[in-house]
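*Asks:* Supplied in structure tokens, the structure appears directly below.
The values are calculated or read from the model by the stated rules, or taken from the named source; none is laboratory data. Every value quoted in this text rests on a predicted model; they were computed, and no experiment measured them. Cβ atoms come from the backbone with ideal geometry, glycine included; neighbour counts cover every protein chain shown. Side chains included, ligands, DNA and RNA excluded: accessible areas come from the protein's heavy atoms. Shrake-Rupley method; radii C 1.70, N 1.55, O 1.52, S 1.80 Å.
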Amino acid sequence: MDIPASLAAAARGDQAAWDALVRQFSGLLWSIARAYRLSDADAADAVQCTWIKLVEHLDGIAEPERLAGWLSTTARHECLQLLRRAGRLPEPAEEIADSPDPAPDVDHAMLVGERNAALWRVFEELPDRCRRLLRVLMASPPPAYAEVALALDMPVGSIGPIRQRCLGRLKALVRGNEVLEERS
Amino acid sequence: MNDDEFLDVLRAAADEFDPVPAGVLRDASAALALRSLDAELAELVEAEALVRGDEPVTLAFESEHVTLNLEITDGVVRGFVTGAEGEAVVETPRSRRAVPITDGWFTVAEVPPGLVRVRVTASDGTVVVTRWARG
């Protein structure tokens with residue numbers, strides 16, 4: 001997708017070009033709002049506000065090729081504003097230690113069919129910082145680390161190592177879960 | 001399964017259990033129509049931030065032609081404008097309400113929570129709209 005071209009066309013009022021941007025980035029924005037644990041209504045609000053801010057700035061995006069980063073930063077601000085408004089700020093970022101043992105492997109057979117639901121429940125049990133990072137990484141289409149860094153205000157170089165530790169944590173939870181562990 | 005493959009499984013689970021709601025996509029698509037190319041933009045120059053939801057938000061906007069002060073409490077938008085007369089139009093992404101300006105003042109009740117902006121007409125006929133603000 002040629003993002004600068006779509007952005008320029010949208011700025012001329014081209015609804016189809018705008019809709020292409022919406023399709024490309026709504027998954028990322030929704031994932032960011034969910035990463036901050038916003039409710040359905042607040043997440044919808046944060047995403048809509050982000051798009052409206054873009055409409056307001058359609059002629060003023062300095063680096064159109066970095067639109068995804070601009071949207072990620074704007075979405076973070078909207079989420080934090082909603083959390084502050086509710087008197088609720090995200091948990092401070094706890095350190096994520098390595099799993100005591102090497103991360104156990106999981107295989108596809110554990111994660112098919114109804115087990116997806118069990119996997120989702122296990123995911124929700126992760127420590128907040130892990131859950132937050134992985135929820136953004138789970139966006140469709142997959143975001144670049146640069147955007148993830150802006151969405152969560154963390155150094156881009158820290159994402160790979162923390163991702164690895166958090167996936168290790170999750171694998172350990174999967175291994176300890178009865179539904180997921182039971183072989184079919 | 002390596003980490004990338006595991007993350008792909010997680011992505012599929014997110015798509016299944018927490019997809020982007022259709023209404024969110026519709027609102028995003030409709031946002032383009034909220035552009036006001038014809039109007040002069042009143043910039044936010046001062047915002048009295050609040051910590052809890054039950055305190056009023058006070059906002060000051062300025063453009064070349066008008067100044068506009070807004071106080072937003074529990075869905076009531078109360079405004080004071082200089083340099084404009086006639087009607088004030090209080091807009092949200094889904095609604096717009098026009099009310100008369102009396103001695104500079106106007107009030108609109110039952111404004112849905114979320115973003116709000118106000119459109120007025122300056123004394124020389126210039127249409128002025130504020131930036132979006134969160135009520």
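*Asks:* Taking R0 as 45 Å, what FRET efficiency do you get between A:R88 and B:D124 from their Cβ-Cβ distance, rounded to the nearest 0.05?
*Replies:* Details: r = 46 Å, r/R0 = 1.02.
Calculated transfer efficiency: 0.45.
*Asks:* Separate question: Just give the residues from region A:130-159 buried by at least 20 square angstrom of accessible area in the all-chains context relative to the isolated chain, probe 1.4 Å, and say none if nothing qualifies.
*Replies:* By number: A:R135, A:L137, A:M138, A:S140, A:P142.
*Asks:* Quick one: Karplus J couplings for region B:125-133, per residue in order, coefficients 6.51, -1.76, 1.60, θ = phi - 60°, nearest Hz, x for Gly and Pro?
*Replies:* In residue order, the calculated couplings are x, 5, 7, 10, 10, 7, 5, 5, 9 Hz.
*Asks:* Order A:R175, A:R135, B:R131 by their accessible area, 1.4 angstrom probe, all chains in place, largest first.
*Replies:* On the way: A:R175 75, A:R135 5, B:R131 50 Å².
If we order A:R175, A:R135, B:R131 from most to least accessible, we get A:R175, B:R131, A:R135.
*Asks:* Taking θ = phi - 60°, what integer Hz values does the Karplus form 6.51 cos²θ - 1.76 cosθ + 1.60 yield along region A:36-47, in sequence order, with x for Gly and Pro?
*Replies:* Taking θ as phi minus 60°, the curve returns 8, 6, 6, 5, 3, 5, 5, 5, 4, 4, 4, 5 Hz for region A:36-47.
*Asks:* Can I ask one more? Which value, in Å² rounded to 10, gives the accessible area of A:S140 with a 1.4 Å probe and all protein chains present?
*Replies:* Here the residue's solvent-accessible area equals roughly 40 Å².
*Asks:* 222 nm [θ] for the protein assembly as shown, helices only, -39500 (n - 2.57) per DSSP H run of 4+, per residue, to 500? Mind showing how you got there, number by number?
*Replies:* Working: 11 runs with 142 residues, N = 319.
It lands at -14000 deg cm²/dmol.
*Asks:* Further question on the same structure: Given a 1.4 Å probe and the protein chains all in place, what does the accessible area of B:E71 round to, in Å² to the nearest 10?
*Replies:* Surface accessible to solvent at B:E71 totals approximately 80 Å².
*Asks:* What is the distance, in nm, between label points placed 7 Å from the Cα along the Cα-to-Cβ direction at B:S36 and at B:D103?
*Replies:* 2.6 nm
*Asks:* Top to bottom by accessible area (1.4 Å), largest first, where do B:E64, B:E91, B:E48 land? It would help to have the intermediate numbers written out before the result.
*Replies:* Details: B:E64 165, B:E91 10, B:E48 105 Å².
Correct descending sequence by accessible area is B:E64, B:E48, B:E91.
*Asks:* Using θ = phi - 60° and the Karplus relation 6.51 cos²θ - 1.76 cosθ + 1.60, list the HN-Hα couplings for region B:58-67 in order, rounded to whole Hz, with x at every Gly or Pro.
*Replies:* 10, 9, 10, 10, 9, 10, 4, 9, 9, 10
*Asks:* With the full set of protein chains in place, find how many percent of the accessible area of the protein assembly as shown is carbon and sulfur; take the probe as 1.4 Å. Show your work: numbers first, answer last.
*Replies:* Working: 7680 of 15060 Å².
Accessible surface attributable to carbon and sulfur in the protein assembly as shown totals 51 percent.
*Asks:* With a 1.4 Å probe and all protein chains kept in place, how much accessible area does A:F25 have, in Å² rounded to the nearest 10?
*Replies:* 10 Å²
*Asks:* For labels at A:A5 and A:V156 in the simple 7 Å Cα→Cβ model, what's the distance in nm?
*Replies:* Result: 2.5 nm between the two label points.
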